[in-house]
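Undergrad: One structure, pasted below without further comment.
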Amino acid sequence: MATKRVRGTSGELDAAAKGMRVQSTCAESVLWERLRAGRLGGHKFRRQHALGRFVLDFYCPAMRLCIEVDGPIHDTQKDRDAARDAALASYNISVLRFTNDDVLSNRELVLSRIVTALSTP
């Protein structure tokens with residue numbers, strides 16, 4: 001049985017997303033435990049979700065909300081991240097970005113910001 005892909009993704013991107021799910025960072029794993037199975041206000045999230053030419057760390061399709069957990073490499077690719085965020089915005093997808101340190105050290109603040117974004121129409 002063939003794998004059903006999101007419109008616009010490639011088999012290679014789907015495979016990369018699957019690999020990222022297996023090798024999550026510590027911060028991604030910590031946040032996933034709070035987002036999975038509707039644990040945050042009943043909202044369903046997907047982890048390492050392939051969409052178009054991107055893999056989103058976490059995605060809530062119902063709210064069109066992407067959550068990115070950025071490691072140290074993102075300090076040197078701010079222009080690339082801004083272009084990616086703009087591309088996602090063109091699809092009416094909002095992006096929240098947090099650093100690994102934010103998630104690990106300020107988890108409740110991170111969750112509060114996510115809840116606020118989820119409650120904003």
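Values quoted throughout were computed directly from the atomic coordinates according to the rules given, and no laboratory measurement underlies them. In this text the structure is predicted, and so the values were computed from the model without any measurement. Positions of Cβ are backbone-derived with ideal geometry, glycine not excepted, and every protein chain shown enters the neighbour counts.
Undergrad: Given H placed 1.01 Å from N in the peptide plane, which residues other than close sequence neighbours of A50 have an amide H under 5 Å from its amide H?
TA: Placed amide hydrogens put L56 under 5 Å from A50.
Undergrad: Can you list residues from other chains, or at least 5 along the same chain, whose modelled amide H is less than 5 Å from the amide H of T99?
TA: D70
Undergrad: Largest first and in whole Å, what are the equivalent-ellipsoid semi-axes of the range 11-119 based on the Cα gyration tensor, each being the root of 5 times an eigenvalue? If you can, show how the numbers build up before the last one.
TA: On the way: eigenvalues 72, 53, 48 Å².
Square roots of five times the eigenvalues give 19, 16, 15 Å.
Undergrad: I need the peptides 111-120, 43-52, 93-102, 78-87 ranked by packing, meaning the mean over residues of other C-beta atoms within 10 angstrom, with the highest value on top.
TA: Top of the packing list down: 43-52, 93-102, 111-120, 78-87.
Undergrad: If you don't mind, there's one more thing I want to ask. Work the Kirkwood hydrodynamic radius out for the range 63-121: mean of 1/r over every pair of different alpha-carbon atoms, inverted, in Å.
TA: About 12.2 Å for the range 63-121.
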